[in-house]
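Engineer: Take this structure first; my questions come after.
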Amino acid sequence: MRELRAAVVGVGRLGALHTRKYTNLAGVNLCYVVDTDPKRAHEIAVETGAVALPDHRALAGKVELASVAAPGLAHY
């Protein structure tokens with residue numbers, strides 16, 4: 001079975017938790033993390049082996065699974 005390519009959008013406290021769960025989940029490959037804070041995105045990317053992206057629109061066509069863990073107002 002092929003692994004699902006995953007991303008986490010928003011890697012604050014809750015998003016960082018999502019990244020750790022994905023890295024330990026069979027059948028899932030955490031490929032990307034996205035955050036408006038480039039330093040934070042880079043830190044989590046280094047920790048997880050994912051690629052940091054500055055904008056969620058760059059994910060189009062690249063993943064099958066994404067968690068949106070951004071603050072509520074950023075969901076719109």
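The values are calculated or read from the model by the stated rules, or taken from the named source; none is laboratory data. This one's a predicted model, so the numbers in the text were calculated from it and none came from an experiment. Neighbour counts run over all protein chains shown; Cβ positions are idealised from the backbone, glycine included.
Engineer: Condition first: of a type in the set (D, E, K, R), loosely packed, with under 14 Cβ neighbours inside 10 Å and closer than 21 Å to LEU73 by Cβ. Can you find one or more residues in segment 23-36 that meet it?
Structural biologist: no
Engineer: A further question on this structure: When residues of segment 27-57 are filtered for being at pLDDT 95 or above and either under 21 Å from GLU3 (Cα atoms) or hydroxyl-bearing (Ser, Thr, Tyr) (or both), how many remain?
Structural biologist: 18
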